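Q: Submitted below is the structure of interest, expressed as structure tokens.
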Amino acid sequence: MAMTYLEAVRETLRQEMRRDARIIIYGEDVGVRGGVFRATEGLQDEFGEDRVMDSPLAESAIIGTAIGAAINGLRPVPEIQFADFIFPAVNQIVQEAARIRYRSNGTFGVPIVIRAPYGGGIHGALYHSQSIEAFFAHVPGLKVVMPATPYDVKGLLAASIEDEDPVLFLEHKGAYRSIRGDVPDERYLIPLGEAEVKREGTDVSIISWGMTVNSSLKAAENLAKQGVSVEVLDLRTIRPLDTEAILKTAKKTGKVLVVHEDNLTGGFGGEVSALIAEHALFHLDAPIRRLAGPDVPAMPYAPSLEHAFLVTPEKIEAAAKDLAAF
Amino acid sequence: MADVSEGLTPEVLMDMYYHMVLARVLDDRMWVMNRLGRAPVVYSSNGHEATQVASAFALDRGHDWVVPYYRDLALVLAMGMTPRDVFLHLMGRADDPNSGGRQMPAHWGSVDLKILTTGSVVTTQMMHAAGIALAAKLKHEPTVAMATFGEGSTSQGDFHEALNFAAVMKLPAIFLNENNGYAISVPARKQMAVPDVAARAQGYGIPGVVVDGNDPIKVFEAVRAAAVRARAGEGPTLIEAKTYRFVPHSSDDDDRAYRSREEVAEAKKHDPLVVFEQELREQHLLDDAQHKAVLDRAKAAVDDATEFADTAPDPDPSTLGRHVYHEAVL
Amino acid sequence: MAKAKAKGKAPAKKSADGGLSTERLHEMYYHMVMARALDERCWVMNRGGQAPFVISGQGHEAAQVGTAMALDPTQDFLCPYYRDLGLVLAFGVTPREVMCGLLARANDPSSGGRQMPSHWGHAARRIITGSSPVATQILHAAGVALAARVRGEDTVAAAFFGEGSSNQGDFHEGLNFASVHRLPVIFVCENNGYAISVPVSKQMAISSVAARAAGYGIPGVEVDGLDPLAVYQATEAAVARARRGEGPSLLDVKVVRLTSHSSDDDQRSYRPAEDLAAERAQDPLPRFRSWMESQGIWDDQQEQQLMIRIKGEVDDATEFALASPVPDAGTLLDHVYAP
Ligand SMILES: Cc1ncc(C[n+]2csc(CCOP(=O)(O)OP(=O)(O)O)c2C)c(N)n1
Ligand SMILES: Cc1ncc(C[n+]2csc(CCOP(=O)(O)OP(=O)(O)O)c2C)c(N)n1
Ligand SMILES: [Mg+2]
Ligand SMILES: [Mg+2]
């Protein structure tokens, strides 16, 4: 069935909640209003106020209590209203959820899935636009999932909920309504840590994750018309990371462009590049290139500035073309 | 109204007393080990024993959860942790049930004893107790979750968020503040502009109770009342036990820098061990011979634990990378 | 009309006009009406596709203007939040500046078009830049007050926030810090009963945010936020206390939210129509107007003149902003660090 990215989130949550009575959802405005993006619309009607709850406006409490609830046998899927508002809960995520298994020598675990809408291009300005993955990809014990398509949303969200460890599930706000795709009715799982080649090509490899995969695919399509064959690798999860798939595509085309919306310095693109440099250097025909948001604190509001920040299909196309000609 | 002192039979009182003594003797031994260079760091429950032991006894142990902090040696002993476990933890041995030698000493945790693993960052545990209570409520289980924390930790945002969350959702949680008047060197008056942590309960619409933390019976009654309330679906309680820490914050601290010897000596007059010993003697539950028996028993357990941990194996360095994520049981 | 229910220290008894001259009362009304008119224009621009985002202060005007007028724009500091249009206007921000912020023009004094509208900030007007994550400004106000004390200044800092935001850890840490150090700060909760769709009953188990003051040993005062004079008096008392060095106060100012949370929200999906109508009937603007009329200090003619004046200023502000340049994309990298 064709549906939007947002519908895929909602329908997966519904299917999972029907399957597993341990799943609860809570966060700000997720109940009656069904979430500010409507990702949980109708779920309170179906599952009741106990399983779909409006929580007080307090992110540290949302995550901290989810940790306790998970340890006491539930499968909480808390929502952070915007990824930008996850920072009050960083202590609970990084120093508690991600560390509890290790610090207890494997005796306690925290199976929670933190859903958070990220990304810009929606007039959200500095605090409703951020890509936050690099902060969290740095944290062992946490998993970071960033689907690009409705199909992947479903398989990855279900797999995240089944996972025994804390997962940060980042949904791109721009994708919610603009990205559509076929999603099978039946339940399926996409293992965390498996990248997917979303388009085969031979001249240049674009490696990306989340929304910029879609922009990269658009760029690749345009480049194909110009005789440039681009392979697009979607990492889908950046921790765990599918290093094999990264090295494979790098070796195949010998030219790698890493694309992300998060700002450049210390971004996850650095990790991908280092990996290739370490393990596939002699297969490269050109220096690795990174295309990312500029090093400003976050995305500004004014359309002129917002557009200047964004990593667009046009910018990707230009960068890939440049690289192909190297 | 349930009788909150129900269950305080002579045997139970003596058992409480034994655990208080055991905690003290064990604690003293840990300092010895530290001064001998055998334990890098020690955090004490010294002075807090009445509060900790009595609060554990007031719970349904084995069923209810505690979410402790580093000060809670006596609490975890009363929950069922053994002196051997404590010493394995102190010395960072492989068989340390709390963390397999990964955490600093006094970072308690045991699935079997329903003691939630704790980190070093203060006050995070209050949230976890609220979360355990949330799950209990949604699962319709009569479980209570009790978090403990120092008064300094009540200045953290997590204190506020946890109390508010538990109050608005009427969760079966107990928040037990062990107010010893100091956060390392900082006295409570520099921590808050109110004399009682319990006053903060008003901001959440829950009861705030002050008890004498040196009196195990008072603490038992307060915690039992809170547990009854929690199980009845009436929500959380904030209990403030006024106590004192007789030793420095940790083995790395020297409390002479921030409090006078007179102040400490004055506080020691209300040493919970002494207070409770007198009480038991007055009730004719304890005489000299029994007193000696209790001490001997505690000392023997501590000797055994010391020896046991001394020869226990260290963690294998090859296990460094384990338990970052769930390991499927093969 | 003015009534402040005090928990803790009661404000000094004042006459019904709060001791304000007729001129000041007119000024008060002007700011309230201006805030409303500008706010309404913002929605028109939004529905017309010229402004992607609007977040309103409608229903909060009496609370905001009442507090502002009890503060001193020449020495006090504001740490506002996104609803505080009336507050910043009364502190000297101009309608033109507001409209330049709405349309994200290069000359928007808050952020040069970088932040969303209503993220107030104005160095010259002593308004400290705010962000979107709620409640952070409470700590900034405590810090401003700390600096004022250390520097020996007579400054009071005022932080504004919603009741939902009072559940953030930062609220607790800010109030605790300020009360321990007896800092000259006032904490103003604009309590409109909703945090987007979540009613206060799901936010906290108490009926008054003022009850939280007991946990910090400071006065907590419930105020009728639909009455600018009640707000003025309660604020005046809190400010005087702060200036005397007696520490902070918490005001729980009960207001109504007459619009949806923002232009991206539709409150009819979570609030019954009767509630919305009932709130509408409590609009602070007509209430203050009829009070002034009852005092013989306002009449229809004055009202008409005011409306003409306000419309002129709002039109001017709109035109000015529309004609103002948008930020140059070349400035994207500016101001990451000090020059
Ligand atoms: C968030 C955080 N900040 C600072 C510390 C360092 N620290 C450890 S214990 C402590 C004092 C805690 O005092 P209190 O809460 O009163 O507990 P007590 O030790 O007195 O029982 C501090 C500051 C910490 N562990 N966590
Ligand atoms: C830390 C944080 N979490 C979530 C949000 C999203 N958000 C913006 S306003 C709001 C509701 C605020 O309600 P309240 O504090 O009552 O203020 P009001 O808007 O009613 O004036 C929420 C949840 C945010 N801005 N910051
Ligand atoms: Mg203390
Ligand atoms: Mg509100």
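The values are calculated or read from the model by the stated rules, or taken from the named source; none is laboratory data. Because the structure is a prediction, the values reported are computed rather than measured. Every residue, glycine as well, gets a Cβ built from its backbone with ideal geometry; the counts of neighbours run over all protein chains shown. When the accessible area is computed, the model is the full protein with side chains, heavy atoms only, and any ligands, DNA or RNA have been set aside. Shrake-Rupley method; radii C 1.70, N 1.55, O 1.52, S 1.80 Å.
Q: Using only atoms on other chains, find how many Cβ atoms lie within 10 Å of each Cβ of peptide B:119-125 and report the average.
A: Mean partner shielding for this stretch: 4.
Q: Just to confirm the filter: which trypsin sites (Lys or Arg not before Pro) across region A:194-280 are DSSP coil and have at most 11 other Cβ within 10 angstrom of their Cβ?
A: For trypsin sites (Lys or Arg not before Pro) across region A:194-280 that sit outside H, G, I, E and B with at most 11 neighbouring Cβ atoms in 10 Å, the list is empty.
Q: Residues with beta-carbon under 14 Å from that of A:Pro287, excluding A:Pro287: net charge, scoring Lys, Arg +1 and Asp, Glu -1?
A: For residues surrounding A:Pro287, the net value is +1.
Q: Still on this model: Expressed as a rounded percentage, what relative contact order does chain C have, with Cα pairs under 8 Å and six or more residues apart?
A: 24 percent
Q: Can I ask one more? So what is the orientation-averaged projected area of region A:2-182, using the convex hull of its C-alpha atoms, in nm²?
A: 9.4 nm²
Q: Mind listing the phi-derived Karplus ³J(HN,Hα) values for region B:211-226, rounded to whole Hz, using 6.51, -1.76 and 1.60 with θ = phi - 60°, and x for any glycine or proline?
A: 10, 6, x, 8, 10, x, 6, 4, 5, 3, 5, 5, 6, 4, 4, 5
Q: Tell me, what % of the accessible area of region B:10-319 is carbon and sulfur with a 1.4 angstrom probe?
A: Accessible surface attributable to carbon and sulfur in region B:10-319 totals 53 percent.
Q: Looking only at B:Ala106, B:Ala129, B:Ala265, which one moves most when chain B is put into a Gaussian network model with springs between Cα atoms under 10 Å?
A: B:Ala265
Q: Can I ask one more? Would you mind checking which residues have amide H under 5 Å from C:Gly130's amide H? H placed 1.01 Å from N; only 5 or more apart, or other chain.
A: Under 5 Å from the amide H of C:Gly130: C:Trp120.
Q: Given a 1.4 Å probe and no ligands, DNA or RNA in the count, how much accessible surface is buried by A and C, both sides, to the nearest 100 Å²?
A: That pair hides around 2700 Å² of surface in total.
Q: R0 = 41 Å: FRET efficiency of B:Gln283 with B:Ala94, Cβ-based, nearest 0.05?
A: 0.40
Q: Something else: Probe 1.4 Å, all protein chains in place: accessible area of B:Asp310 in Å², nearest 10?
A: Here the accessible area works out near 60 Å².
Q: Okay, moving on. Given a Förster radius of 60 Å and the C-beta distance between A:Lys218 and B:Glu11 as r, what FRET efficiency does 1/(1 + (r/R0)^6) yield to the nearest 0.05?
A: According to the calculation, E is roughly 0.20.
Q: Might you work out the accessible area of B:Asp314 for me, using a 1.4 Å probe with all protein chains in place, and round it to the nearest 10 Å²?
A: Its accessible surface works out to 90 Å², give or take rounding.
Q: Let me ask you something else. Need one number: buried accessible surface between chains A and B, 1.4 Å probe, both sides summed, DNA, RNA and ligands left out, in Å² to 100.
A: Summing both chains' loss of accessible area gives about 3300 Å².
Q: Give me, ordered by chain and number, the residues 5 or more places off C:Val185 or on other chains with an amide H under 5 Å from its own placed amide H.
A: C:Ala157, C:Ser249
Q: Heavy-atom accessible area per residue, the protein assembly as shown, 1.4 Å probe: how many Å²?
A: Accessible area per residue: 36 Å².
Q: Give me D for region A:196-324 in µm² s⁻¹, whole number, from Stokes-Einstein with Rh from the Kirkwood sum over alpha-carbon pairs, 20 °C and 1.002 mPa s.
A: Translational D for this selection: 148 µm²/s.
Q: Using the crude model of +1 on Lys and Arg Cβ and -1 on Asp and Glu Cβ, and no other charge, please compute the dipole size for chain C relative to its Cα centre, in debye to 20.
A: Dipole magnitude for chain C comes out near 940 debye.
Q: Let me know the longest stretch in chain C that avoids all GluC sites (Glu not before Pro) found in a DSSP loop with at most 15 other C-beta atoms within 10 Å.
A: Counting only loop sites that pass the neighbour cut-off, the longest clear stretch is C:1-152.
Q: Filter the cross-link list B:Lys170/B:Lys190; A:Lys173/A:Lys198; A:Lys198/A:Lys315 down to pairs whose alpha-carbon distance in this structure exceeds 24 Å.
A: B:Lys170/B:Lys190
Q: Please work out how much accessible surface C:Phe320 shows to a 1.4 Å probe, ignoring ligands, DNA and RNA, in Å² rounded to 10.
A: Rounded to the nearest 10, the figure is 70 Å².
Q: Throw me the Rg/Rh for region C:26-318, computed over C-alpha atoms with Kirkwood Rh, two decimals.
A: For region C:26-318, the value is 0.95.
Q: Something else: Determine the order of C:Trp43, B:Trp65 by accessible area, beginning with the largest, at a probe radius of 1.4 Å.
A: From most exposed to least exposed: C:Trp43, B:Trp65.
Q: Let me ask you something else. Return the average number of partner chain Cβ atoms within 10 angstrom of each residue Cβ along peptide C:192-204.
A: Mean shielding by partner chains, rounded to a whole number: 5.
Q: Long-range amide H contacts for A:Ile207: which residues qualify at under 5 Å (H placed 1.01 Å from N, peptide plane, sequence gap of 5 or more or a different chain)?
A: For A:Ile207, whose amide H was placed from the backbone, the distant partners under 5 Å are A:Leu233, A:Leu257, A:Val258, A:Val259.
Q: What is the calculated FRET efficiency for B:Ser318 to A:Arg14, with r their C-beta to C-beta distance and R₀ = 35 Å, to the nearest 0.05?
A: That gives a FRET efficiency of 0.20.
Q: Among residues other than A:Arg101 whose Cβ falls under 15 Å from its Cβ, what is the net charge (Lys/Arg +1, Asp/Glu -1)?
A: In short, +1.
Q: Please list A:Ile100, C:Ile128 in order of solvent-accessible area, largest first, computed with a 1.4 Å probe with all protein chains present.
A: C:Ile128, A:Ile100
Q: Net charge near C:Asp275, counting Lys/Arg +1 and Asp/Glu -1 over other residues with Cβ under 11 Å of its Cβ?
A: Charge balance near C:Asp275 sits at +2.
Q: Mind listing which GluC sites (Glu not before Pro) in region B:162-248 are in a DSSP loop and have 14 or fewer other Cβ atoms within 10 Å?
A: Here the sparse-neighbourhood loop sites are B:Glu234.
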